[in-house]
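Heads up: the structure comes next, in structure tokens.
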Amino acid sequence: MIRYLATRLAYMLPVLWLVVSVVFLLIHLVPGDPIQQMLGEGAAATDIQAARHAYGLDVPIGTQYVNYWKGVLHGDLGKSIRLNEPVTRVIARAYPATVELTLAALFVAILLSIPAGVRSALRRNQWDDRVLSFVSLLGLSFPNFALGPILILFFSIKLGWLPVSGAGGLSHLVLPAITMGGSLAAILTRMVRTSMLEELGQDYVRTARAKGLPERTVVYKHALRNAMIPIITVIGLQFGALLAGAIVTETIFSWPGIGRLTITAISNRDYYLVQGCILCIGLTYVAVNFLTDLMYTALNPRIRQ
């Protein structure tokens, strides 16, 4: 089992390297000089050259690439050009907010999708199944950049129940979490329904019912547990989509997370900060996939073989 998980982790590392390398090349190909933008149009040539040397931007791009990975291996992601702070410190301030928002969105998605998917499977082709299918289709049709402003207009501006933007208490988290978790809830509802329909038709379910077990025990203890394997797979894969969606959602709601930080860094041509943010997101995605593999063994002991 340890060998299996180590192999999976080894497969993910080249993907992480490729993503960061592509971002490194693309951000250097974008027109604009970050040093010129930082110092202003009237800066002296000697000051510009000194700043380039201080940030290691006066050497060929190949040398910059090698130096960057040397720093990464030693835990040094460089210094933010715009903020003049170590990238690790800047990311450490923003990362907890993104994790909080992503976990809240996952909670919203799971809280809505599992009961809805199970209900839809148990009431197949009935009126409530059709209603839930329509609602899930509606959720898939609304992207984050459309759903977020609609929620702000209705719940914040018209009703005044929730704050428009920013971070603070639980009230600030509600709208961004619903915005990010809504589309995932729609995907998971369909997955739960399909997986539950397959499990409810298995022989062990009929045997459990024939023994006189309560329907709730048959559905939630036996059928749902076996149906969770493909659902967990989707949750693990969609976690990366949530991180990507956090860039849009955090911008809409002015949430001080790593997604909004990435957008700001890109607009400022802050090379080291962009690379650090992408590396952090990639590492999180790899870690979540690794934890997903561990959860497989807990739900399905046959994988331990």
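The values are calculated or read from the model by the stated rules, or taken from the named source; none is laboratory data. What you see is a predicted model, and the numbers here were worked out from it, not measured in a lab. When we count neighbours, we look across all protein chains shown, and the Cβ atoms used for this are built from the backbone with ideal geometry, even at glycine.
In this entry, Val90 passes the filter for residues that are at pLDDT 80 or above and either surrounded by 12 or more Cβ atoms within 10 Å (Cβ to Cβ) or out of contact with any Lys or Arg (no Cβ under 9 Å at 6 or more places or on another chain) (or both). So is Arg225 surrounded by 20 or more Cβ atoms within 10 Å (Cβ to Cβ), among the basic types (Lys, Arg) and either under 23 Å from the mean Cα position of the chain (by Cα) or closer than 30 Å to Tyr285 by Cβ (or both) or not? No: the conditions fail for Arg225. For region 240-250, the criterion of a residue being surrounded by fewer than 22 Cβ atoms within 10 Å (Cβ to Cβ), of a type outside the set (A, V, I, L, M) and closer than 28 Å to Thr194 by Cβ is satisfied by at least one position. Ile266: farther than 20 Å from Ala186 by Cα and within 15 Å of the chain's Cα centre (by Cα), yes or no? Criteria not met by Ile266.
Against the definition (assigned to a helix (DSSP H, G or I), buried (at least 23 other Cβ atoms within 10 Å of the Cβ) and either at pLDDT 85 or above or not acidic (Asp, Glu) (or both)), how does Gly282 come out, yes or no? Answer is no for this residue. Applying the set (1) farther than 30 Å from Ile150 by Cβ; (2) at pLDDT 80 or above; (3) basic (Lys, Arg) to Lys221 leaves exactly one unmet item: (2).
Just one of the listed residues (Arg124, Arg82) is over 20 Å from the mean Cα position of the chain (by Cα), more than 17 Å from Glu250 (Cα to Cα) and either of a type in the set (S, T, N, Q) or crowded, with 16+ Cβ neighbours inside 10 Å (or both), namely Arg82. Restricting attention to region 115-173, the residues that are touching a His at 6+ places or on another chain (Cβ under 9 Å) and of a type in the set (A, V, I, L, M, F, W, C) add up to 1.
Please specify each residue of region 139-153 satisfying the condition of being surrounded by fewer than 17 Cβ atoms within 10 Å (Cβ to Cβ), at pLDDT below 80 and either over 20 Å from Ser183 (Cβ atoms) or touching a helix residue (DSSP H, G or I) at 6+ places or on another chain (Cβ under 8 Å) (or both). Scanning region 139-153 gives Leu140, Phe142, Pro143, Phe145. Taking each residue of region 176-192 that is farther than 10 Å from Leu112 by Cα and looking for partners that are assigned to a helix (DSSP H, G or I) and of a type in the set (D, E, K, R) with beta-carbon atoms closer than 8 Å, six or more apart or interchain, yields Pro176/Glu250. Pairs are defined by a Cβ separation below 9 Å, a sequence spacing of at least 6 or placement on different chains, a first member in region 252-274 that is without any contact (Cβ under 8 Å) to a residue 60 or more places away in the chain, and a second member that is of a type in the set (S, T, N, Q) and in a helix (DSSP H, G or I); the pairs so defined are Ile263/Thr251.
How about region 117-127: which of its residues are within 16 Å of Leu200 (Cβ to Cβ) and assigned to a helix (DSSP H, G or I)?
As a first pass, look at region 117-127 and keep what is within 16 Å of Leu200 (Cβ to Cβ): 117-126.
The answer is Gly117, Val118, Arg119, Ser120, Ala121, Leu122.
Here is a list: Leu83, Leu122. Which entry is touching a residue at least 40 places away in the same chain (Cβ under 8 Å) and closer than 30 Å to Val219 by Cβ?
So the residue among Leu83, Leu122 that is touching a residue at least 40 places away in the same chain (Cβ under 8 Å) and closer than 30 Å to Val219 by Cβ is Leu122.
None of Thr189, Thr179 is hydroxyl-bearing (Ser, Thr, Tyr), touching a Ser or Thr at 6+ places or on another chain (Cβ under 6 Å), within 18 Å of Val99 (Cα to Cα) and in a helix (DSSP H, G or I) except Thr179. Taking the numbered list (1) within 30 Å of Val66 (Cα to Cα); (2) of a type in the set (Phe, Trp, Tyr); (3) surrounded by fewer than 22 Cβ atoms within 10 Å (Cβ to Cβ) in turn, Tyr220 passes all entries but (1).
The conditions of being without any contact (Cβ under 8 Å) to a residue 60 or more places away in the chain and part of a loop (DSSP other than H, G, I, E, B) are not met by Gly240.
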